[in-house]
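Novice: This is the structure I want to talk about, given as structure tokens.
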Amino acid sequence: MVAKVGQPKIFCTTQFYHVTTTNHVPYHVAGAQQDNSTIAIPSDGWDHMDVLGEWGYQVGGGESGYIASHPTNPDVFYAGSQGALLTRYDRTTGQSRDIQVYPRFFSGEPASSLPERWQWTFPIVFAPKDANTLYTCSQHVWKTTNDGQSWEKISPDLTYADPETLGVTGGVITNDMNGPEIYATVFALTPSNHDINTIWAGSDDGKINITRDGGKKWSDITPKELPKNSVVAIIDESKHNPGTAYVAAFRYQVDDRQPYVFRTKDYGKTWTKIITGIKDGHFARSIREDNVRAGLLFLGTEHGVYVSFNAGDSWQPLQLNLPDTPIRDLVVKNDDVVLGTHGRGFWILDDIGPLRQMTGDKVKAEAVLFQPSDAIRGVYDAVFQYYLKNKADSVVFEILDADGKLVRKFVGNKPEEKTEGGNRWERAESKPTTAAGLNSFSWNLRYPGATVFEGMIMWGARPQSGPKAPIGKYQVRITAGKYSETKIFNVKINPNLKGVTEADLKETFDLAMKIRDRESAANEAVIEIRKVRKQFEEALKTNTDATVAANAKDIIAKLTVIEEDLYQTKNRSGQDPLNFPIKLGNRISAIRRSLESGDNKPTAGVYKVFDELNKELDGHLQKLQLVISGDMPSLNQKLNLKN
């Protein structure tokens, strides 16, 4: 039996220990790569920041550590690595500094000999209630409020510190003691979302502690069902309910591959084990509650992701197209779930609005339009997700402005919308799909474009693409069969812009609409001229009057002169503008492209050139009107033509 060799495939095999996100817009995703460096990459298009010439940048630290981006200055990163390394790196300046708590280098030593036991991947986390407070952990919890210049120890040893687990490690041939083998450390740390003085801590030997007074007193709140020598991987405190927290722990090192997931609602006084629906062998590595919907949980396991809609009472797989891979960490950022896998790189489940909004009554509904997220001009288009119980004959989307005036209308009648080939300038806009289940449709924030005609070739412009929508409130209305619903959303200004106001963008939009209308006027004149020429040419085939024929040819000649001033009629291919001069219509479209090349206030040059082109167009349109109203009526009668 001969095996056929298929086409080679490229897989990302990056192994991340943790994942974090920044507060950039769009946010960046960062992690430390096994046997490599730290890396951060944009979650969405960020072409102008393509620092490495490829797809990312380093943020300090090393292969194994946590990474924390400063909450208010996202270009400043704090990253760890083996040997207790902790760096502060300012991406804007390239300035880097080692801010270790206790910079006593170690290697080849058992944990028992170390004053401070630093794990291979020790926590580095900011206090949600204070952007200037940063924590890290050995077997103790450490705190800095001056950017790592000094550190304060705010806990006793929060581990079991069993001497049997602190000895020499390695095999018969050689020992191996460099960080991964350091045991009895605080492995998970979670400062409270509600109270600056509340901190949750979990150790890699199975203890969970909490302080309610900023570290003066710590209480052991370890669940009774969590055995000693379990690794407390993640503690996630609810953003919705103080005192509620979720824990993911694992014990595969002691040959126990069952999931250990717990919930408390009373600061750890009591715990509930929440593993219903999780498969055997899918031991837990990370857990997070949604930022918007209380009780919506995401669980990372050794074999993928699970979701719970009832605070962990039951779980179901959320694998979709995700490969079978360990999910070492996950975070909920804005409307996305971001995964750090140990073997397949970063993954993002984007726009989880349907998971947040889906309820029992909506599951039974014939159709549902979910509340869309706000769009950001130049960053995020408007994305509309909708559920259809059954396949629809057609789906109609209407975009309206704040006053209810129609902006765009899109109609789809296919269950799947295939992306057409060609470059992005030639690609048509997408249409809504009609498939049963969850569908997604996006609006590129463009108003209707200018009138165009078949075979039109232009350079430096795309007249069929309309002006960008101004900042403000909009409505989206879906119609599918008898179902119709309207939702409100906003188009927001890009927060990365400097020196640009919403008024500037409105001025640009107003001017772009005026230019678009003049583009249409020029192109409609060409369409009208070609229509008249075709009518005359058809009528002359049966005409026997030489005088009438001469008059018709004279009018066609006049119209042709106007047409050739408006459009380069010699263009046959996309490269012909190299050979033949562009004409007025192309220049008008190109000035709108120049105007909208970036989000800003119109330049004086745009106003000046458009004024000149506008006047030139008026002259040609006046000539066209003279021909149509002056020369043509009598000839139309002789040729028995109407209009």
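Novice: Closer than 24 Å to Ser465 by Cα, in contact (Cβ under 8 Å) with a residue 12 or more places away in the chain and aliphatic (A, V, I, L, M) - does that describe any residue in the range 556-566?
Specialist: yes
Novice: Of all residues being open to solvent by 20 Å² or more (accessible area, probe 1.4 Å) and part of a loop (DSSP other than H, G, I, E, B) in the range 106-115, which is modelled with the highest pLDDT? Just the residue, please.
Specialist: Pro115
Novice: Could I ask something else about it? Could you pull out the residue among Leu322, Leu318, Leu296 that is aliphatic (A, V, I, L, M) and buried (at least 19 other Cβ atoms within 10 Å of the Cβ)?
Specialist: None of the other options fit; the residue is Leu296.
Novice: Next up: Given the conditions (1) free of Cβ contacts under 8 Å to residues at least 60 places away in the same chain; (2) assigned to a strand (DSSP E or B), which single one is not true for Asp361?
Specialist: So the condition that Asp361 fails would be (2).
Novice: Now for a different question. Tally the residues that are open to solvent by 90 Å² or more (accessible area, probe 1.4 Å), closer than 30 Å to Gly499 by Cβ, in a loop (DSSP other than H, G, I, E, B) and of a type outside the set (D, E, K, R), restricting the search to the range 593-643.
Specialist: 1
Novice: Hey, another quick one. Out of the range 586-628, which residues are in contact (Cβ under 8 Å) with a residue 12 or more places away in the chain, over 20 Å from Glu528 (Cβ atoms) and of a type in the set (S, T, N, Q)?
Specialist: The answer is Ser594, Asn600.
Novice: Hey, another quick one. Go through the range 54-105 and tell me which strands (runs of 3 or more DSSP E), entirely inside it, have 2 or more residues that are of a type in the set (A, V, I, L, M).
Specialist: Fully inside the range 54-105 and qualifying: 67-69, 76-80.
Novice: Among the residues of the range 324-346, count how many are within 18 Å of the chain's Cα centre (by Cα) and either part of a loop (DSSP other than H, G, I, E, B) or without any contact (Cβ under 8 Å) to a residue 60 or more places away in the chain (or both).
Specialist: Result for the range 324-346: 5.
Novice: When the range 150-194 is examined, which residues are found to be under 35 Å from the mean Cα position of the chain (by Cα) and open to solvent by 50 Å² or more (accessible area, probe 1.4 Å)?
Specialist: Pro180, His194
Novice: Given the criteria at pLDDT 95 or above and open to solvent by less than 60 Å² (accessible area, probe 1.4 Å), does Ile527 qualify?
Specialist: So Ile527 does not fit the description; no.
Novice: May I pose another question? Being more than 30 Å from Tyr567 (Cα to Cα), touching a strand residue (DSSP E or B) at 6+ places or on another chain (Cβ under 7 Å) and open to solvent by less than 30 Å² (accessible area, probe 1.4 Å), is that true of even one residue in the range 410-419?
Specialist: Looking through the range 410-419, at least one residue is more than 30 Å from Tyr567 (Cα to Cα), touching a strand residue (DSSP E or B) at 6+ places or on another chain (Cβ under 7 Å) and open to solvent by less than 30 Å² (accessible area, probe 1.4 Å).
Novice: Something else: Could you identify the single residue in Val548, Val476, Val532 that is open to solvent by less than 40 Å² (accessible area, probe 1.4 Å) and touching an Asp or Glu at 6+ places or on another chain (Cβ under 8 Å)?
Specialist: Only one candidate qualifies: Val476.
Novice: Is it fair to say Arg408 is farther than 30 Å from Phe283 by Cβ and not hydrophobic (A, V, I, L, M, F, W, C)?
Specialist: Yes, satisfied.
Novice: Identify all residues within the range 198-221 that are open to solvent by less than 30 Å² (accessible area, probe 1.4 Å), under 24 Å from Tyr252 (Cβ atoms) and not hydrophobic (A, V, I, L, M, F, W, C); write none if there are none.
Specialist: Result: Gly202, Ser203, Asp204, Asp205, Gly206, Asn209.
Novice: Determine which single condition Thr136 fails, assuming it passes every other condition in (1) in a loop (DSSP other than H, G, I, E, B); (2) buried (at least 22 other Cβ atoms within 10 Å of the Cβ).
Specialist: If we test Thr136 against (1) in a loop (DSSP other than H, G, I, E, B); (2) buried (at least 22 other Cβ atoms within 10 Å of the Cβ), just (1) comes out false.
Novice: Confirm whether Phe489 is aromatic (Phe, Trp, Tyr), part of a helix (DSSP H, G or I) and either touching a residue at least 60 places away in the same chain (Cβ under 8 Å) or open to solvent by less than 40 Å² (accessible area, probe 1.4 Å) (or both).
Specialist: Judged against the criteria, Phe489 is not a match.
Novice: Given the conditions (1) over 23 Å from the mean Cα position of the chain (by Cα); (2) closer than 23 Å to Phe187 by Cβ, report the number of the one that Leu297 does not fulfil.
Specialist: (1)
Novice: Which condition number does Ser589 fail, the rest of (1) open to solvent by 50 Å² or more (accessible area, probe 1.4 Å); (2) at pLDDT 95 or above being met?
Specialist: Exception for Ser589: condition (1).
Novice: Which members of the range 58-73 meet the condition of being open to solvent by 20 Å² or more (accessible area, probe 1.4 Å) and of a type outside the set (Asp, Glu)?
Specialist: Of everything in the range 58-73, those that are open to solvent by 20 Å² or more (accessible area, probe 1.4 Å) and of a type outside the set (Asp, Glu) turn out to be Gln58, Gly60, Gly61, Tyr66, His70, Pro71, Thr72, Asn73.
Novice: Hey, any hits in the range 260-283 for a residue that's in contact (Cβ under 8 Å) with a residue 60 or more places away in the chain and within 34 Å of the chain's Cα centre (by Cα)?
Specialist: No; the residues of the range 260-283 include none that is in contact (Cβ under 8 Å) with a residue 60 or more places away in the chain and within 34 Å of the chain's Cα centre (by Cα).
Novice: Another question, if that's okay. With the requirement that a residue be in a loop (DSSP other than H, G, I, E, B) and within 18 Å of Asp401 (Cβ to Cβ), what does the range 367-376 give you?
Specialist: Pro372, Asp374
Novice: Next question, about the same structure. Which count do you get for residues in the range 524-548 that are of a type outside the set (A, V, I, L, M, F, W, C), more than 26 Å from Leu566 (Cα to Cα) and in contact (Cβ under 8 Å) with a residue 24 or more places away in the chain?
Specialist: So the answer is 2.
Novice: State all residues of the range 547-569 that are among the β-branched types (Val, Ile, Thr) and assigned to a helix (DSSP H, G or I); if no residue qualifies, say none.
Specialist: Thr547, Val548, Ile555, Ile556, Thr560, Val561, Ile562
Novice: Among (1) in a helix (DSSP H, G or I); (2) polar (S, T, N, Q); (3) open to solvent by 30 Å² or more (accessible area, probe 1.4 Å), there is one condition Ser520 misses while meeting the rest; what is its number?
Specialist: Status for Ser520: all satisfied but (3).
Novice: Determine, yes or no, whether Pro467 is within 24 Å of the chain's Cα centre (by Cα), open to solvent by less than 30 Å² (accessible area, probe 1.4 Å) and under 14 Å from Glu519 (Cα atoms).
Specialist: So Pro467 fits the description; yes.
The values are calculated or read from the model by the stated rules, or taken from the named source; none is laboratory data. This is a predicted model, so every value here is computed, not measured. Note that each Cβ is placed from the backbone with ideal geometry, even for glycine, and that neighbours are counted across all protein chains shown. These area figures cover heavy atoms from the full protein model, side chains too; ligands, DNA and RNA do not enter into them. Shrake-Rupley method; radii C 1.70, N 1.55, O 1.52, S 1.80 Å.
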